[in-house]
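A.B. asks: Pasting in a structure now, in structure tokens, and then I'll have a few things to ask.
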Amino acid sequence: NAVRVSGTDRIVVPGFEKIGAAGYSVEFWIKPNALPVGCCQNVVGDGEAAGDYFMMNYILGPPQGLIGAIRPHFGPGNSPVSLDGVTALQTGKTYHVVTTWDTSKATDNAVIYLNGVADRVGTITRNVPAAGGTGANKVYIGKDDRDTTDGNNIVDEVAIYNRPLGSAEIGAHFLAGSLANFDQ
């Protein structure tokens, strides 16, 4: 079932190695009920403390840029550390979001997908975390241990892959999921 996360609500998954040598992907469906009015809101991420994270996916609030845009983080050892989507999520609408990072590519190796289509493509350095390090943090659906969450979302079908999904796979996942009406 879908879960509603707002304020300090969250699901915590015990830590595991989620970053593969080739990178990773995070996939989820989200329906924002209220966008953050502060910094940002974690949707799916592993932020345990300042500098102790690798894979985070936030919705941006006013001080961070485009309100409602998705921002994945790629660990503090990479440059840039994050990438901002160019499309703002709207309240009351349902979105399929996938963020990927492909270490086999030197350029254009990070992508944010919305509803099966690339929303933003960027280049992130390729520093994979050491085993047992930040790539093995807990996973938080909703508030992580770093953010000051004030948004309100319904999140469903969270999946983490220890490899980058390709655009054809992402399109197929969106198509399969869009056969169900998540707005209902």
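A.B. asks: Can you give me the relative contact order of the range 35-92 as a percent, contacts being Cα pairs under 8 Å and 6 or more apart?
C.D. replies: 29
A.B. asks: Let me ask you something else. How many nm separate the modelled label positions at Asn127 and Ala159, each set 7 Å beyond the Cα in the direction of the Cβ?
C.D. replies: 3.1
A.B. asks: Compute the Rg to Rh ratio over the chain from the alpha carbon atoms, using the Kirkwood formula for Rh, and round to two decimal places.
C.D. replies: Computed over Cα atoms, the ratio is 0.93.
A.B. asks: Let me ask something else about it. Determine the calculated [θ] at 222 nm for the chain from helices alone, applying -39500 (n - 2.57) to every DSSP H run no shorter than 4 residues and normalising by the residue count; nearest 500 deg cm²/dmol.
C.D. replies: Helices in the chain give a 222 nm mean residue ellipticity of -2000 deg cm²/dmol.
A.B. asks: Please state the charge dipole magnitude for the range 73-184, taken about the Cα centre, from unit charges on C-beta atoms (+1 on K and R, -1 on D and E), reported in debye and rounded to the nearest 20.
C.D. replies: Value, rounded to 20: 280 debye.
A.B. asks: So how much slack lies between Ala49 and Val13, counting 0.36 nm per residue of separation and subtracting their Cα-Cα distance, in nm? Walk me through the numbers before you get to the answer.
C.D. replies: Details: separation 36, 0.36 × 36 = 12.96 nm, distance 1.59 nm.
That pair, Ala49 and Val13, stretches by 11.4 nm at full extension.
A.B. asks: Whole Å is fine, so just give me how far the alpha carbon centre of the range 28-68 lies from that of the range 92-167.
C.D. replies: 11
A.B. asks: Under a point spin-label approximation (7 Å from Cα along Cα-to-Cβ), what is the Leu66-Ala106 distance to one decimal in nm?
C.D. replies: 2.9
A.B. asks: Same structure, new question: Return the sequence-ordered ³J(HN,Hα) values of the range 128-142 in whole Hz as given by the Karplus equation 6.51 cos²θ - 1.76 cosθ + 1.60 applied to θ = phi - 60°, using x for Gly and Pro.
C.D. replies: 7, x, 5, 3, x, x, 4, x, 10, 5, 4, 10, 10, 9, x
A.B. asks: If I model a spin label as a point 7 Å beyond the Cα along the Cα-Cβ vector, how far apart are those points for Asn33 and Val86 in nm?
C.D. replies: Reported label-point gap for Asn33 and Val86 is 3.3 nm.
Every number in this text was worked out from the coordinates using simple rules, so none of it is lab data. Please read these numbers as outputs of a predicted model, since none were measured by experiment. Glycine gets a Cβ as well: all are built from the backbone with ideal geometry, and neighbour counts include every protein chain shown.
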